[in-house]
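Reviewing the structure listed below.
The values are calculated or read from the model by the stated rules, or taken from the named source; none is laboratory data. This structure is a prediction, so every number in the text was calculated from the model and none was measured. Using ideal geometry, Cβ is built from the backbone for each residue, glycine included, and neighbour counts are taken over all protein chains shown.
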Amino acid sequence: MRFELKDELVIDGLHSFHYFELAKDFVFAGEQHDFWEFVYVDKGELEVSADFRGFRLRQGDIIFHKPNEFHSIWANRVIAPNAVVVTFSCRSEAMKAFEGKLFRLGDAERNLLSLLVKEALQTFEPPLDDPYHNALTRKPEAPFAAEQLIKLYLQLFLLRLLRDNERQERNVRDKRLSSIAAERTETELVGRIVRFLESNAEQPLTLQDVAETFHLSKNHLNKLFTLRMGAGMMHHFRLLRIERAKRLIRESGGTVAEIAERLQYSSPGNFARHFKQATGMSPSDYARSILSRAKLD
């Protein structure tokens, strides 16, 4: 009788594979995607954020980012770090053990990871050191069964970490926790969002539009923006559009209909209603006001 072997963890596919030799001032502002990622520090240190938490990774540390977790990395401006970054799909229940976890690799795990890196370098076309190039292309001269070995090495690497979980794990609330990294991540990201809103104030952006642009969920985006700015993102954007409308009224002398069309409101009446709600006066009253004329440069 044949005995069916049970698979506890199966890799469904690889999305990207990188070995980076980063500059000491390297900054990756962040991303969010629906598959797993791990970052291993091979030299130096990295500051890493994961949603609202920040971590300091030293040589030998590895962190896992679960699907849809916003994350970013920084070098510490002192030592130019090297890092292995791999993204992959895995639907196995066992992967839940990696959520929110930071591990320190032992010799056996580092050996497995080195085999994985070696096989990837022989299998995929360069560049594997460009953080903005994620597409994987097979080398025509790749060794026999190279992709299968990559899958097996990756599965074995993850299973080894799970087996040694109690010994290897470093709890995310332990000494590696870095509030500075998290705060810097959030501040930089919100700054980018604010600049994006300002440059698109004449467009009828939605929360979904901005969330997709910055690879965030709508809930995460609004929560982060409110935390840093004291108000929701759409409230901030509506005020930006009203300020743009005021400037257009002062500088262009256009009619309510013309300005409503330029700002892509659904109708002049809708524009006038939003304007009055924000300023306490109609667009026409504002154009005639001393306030409007006093702001003309």
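Taking the numbered list (1) farther than 30 Å from residue 55 by Cα; (2) crowded, with 16+ Cβ neighbours inside 10 Å; (3) at pLDDT 90 or above in turn, residue 233 passes all entries but (1). Exactly one residue out of 101, 24, 66, 6 is more than 20 Å from the chain's Cα centre (by Cα) and assigned by TED's automatic domain parsing to the domain that holds residue 153, and it is 24.
For region 17-32, a tally of residues being assigned to a loop (DSSP other than H, G, I, E, B) and in contact with a strand residue (DSSP E or B) (Cβ under 7 Å, 6 or more places away or on another chain) returns 5. Filtered by the rule that a residue be closer than 23 Å to residue 106 by Cβ, aliphatic (A, V, I, L, M) and touching a Phe, Trp or Tyr at 6+ places or on another chain (Cβ under 8 Å), region 1-38 gives a lone residue, 11. In summary, residue 64 fulfils each of the numbered conditions (1) without any contact (Cβ under 8 Å) to a residue 40 or more places away in the chain; (2) surrounded by fewer than 19 Cβ atoms within 10 Å (Cβ to Cβ) with the single exception of condition (2). No other residue among 239, 156 is modelled with pLDDT of 80 or more, of a type in the set (A, V, I, L, M, F, W, C) and not assigned by TED's automatic domain parsing to the domain that holds residue 60 apart from 239.
Residue-wise test of (1) touching a helix residue (DSSP H, G or I) at 6+ places or on another chain (Cβ under 8 Å); (2) of a type outside the set (Phe, Trp, Tyr); (3) assigned to a loop (DSSP other than H, G, I, E, B).
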| residue | (1), (2), (3) |
| --- | --- |
| 1 | no, yes, yes |
| 4 | no, yes, yes |
| 8 | yes, yes, yes |
| 48 | yes, yes, no |
| 55 | yes, no, no |
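Among residues of region 124-145 being under 19 Å from residue 28 (Cβ atoms) and surrounded by fewer than 10 Cβ atoms within 10 Å (Cβ to Cβ), the one that is farthest from the chain's Cα centre (by Cα) is 135.
Of the residues examined, residue 224 is one that is in the same structural domain as residue 287 (by TED's automatic domain parsing), surrounded by 17 or more Cβ atoms within 10 Å (Cβ to Cβ), under 18 Å from residue 29 (Cα atoms) and modelled with pLDDT under 85. Scanning region 17-47 for residues that are without any contact (Cβ under 8 Å) to a residue 60 or more places away in the chain and acidic (Asp, Glu), we see that the one that is farthest from residue 119 (Cα to Cα) is 25. Only a single item in (1) of a type in the set (S, T, N, Q); (2) modelled with pLDDT under 90; (3) at positive phi is not met by residue 264, and it is number (2).
Number of residues in region 67-85 that are in a strand (DSSP E or B) and crowded, with 19+ Cβ neighbours inside 10 Å equals 8.
Per the conditions (1) in a strand (DSSP E or B); (2) of a type in the set (A, V, I, L, M); (3) more than 25 Å from residue 112 (Cα to Cα), the sole criterion not satisfied by residue 14 is (3).
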